[in-house]
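Notes follow once the structure below has been shown.
The values are calculated or read from the model by the stated rules, or taken from the named source; none is laboratory data. Because the structure is a prediction, the values reported are computed rather than measured. Quick reminder, even Gly has a Cβ in these numbers, built from the backbone with ideal geometry, and neighbours come from all protein chains shown.
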Amino acid sequence: MRIGELASRAGVSVRSLRYYEEQGLLASRRSAGGQRHYKDSDVGRIEFIQQLYAAGLSSRVIAALLPCRDAPSEEHSDAALERMAQERDRLTRHIADLVRTRDTLDEVMAVAREYRDQLGRAAADAA
């Protein structure tokens, strides 16, 4: 099938498919005229890639996980699970950093509110 049909069937843009090819996540064969052609099974591959992107994984990590789908084995499954655990740990650290950042902002906002309240009281006292 051609790129437009794959995009339609997989529910993604043609631009996304081109990007996936650039990242080594998807392969096509080219016609004599240079048109990309894909296999029917690529629809499932795109759905898998989309699921991994939705989980917050980068194209580099997704490329490392594809052997689990392309050549299922215990070894590939173990490697994929280990890599996903590493990514989960990275996300957990990032979430903790974001919580600390939010808490710091809450503290700054509390100080700003107190300052604003003091200005309001000073203005009322001066009147």
Would you call P67 within 28 Å of R9 (Cα to Cα) and in contact with a His (Cβ under 8 Å, 6 or more places away or on another chain)? yes
Tally, over region 67-77, of residues that are touching a Phe, Trp or Tyr at 6+ places or on another chain (Cβ under 8 Å) and modelled with pLDDT of 95 or more: 0
Name the single residue, out of those in region 70-110 being out of contact with any Pro (no Cβ under 9 Å at 6 or more places or on another chain) and outside any helix (DSSP H, G or I), that is surrounded by the fewest Cβ atoms within 10 Å (Cβ to Cβ). A71
Somewhere in region 111-127, is a residue free of Cβ contacts under 8 Å to residues at least 12 places away in the same chain, over 25 Å from Q23 (Cβ atoms) and outside any helix (DSSP H, G or I)? yes
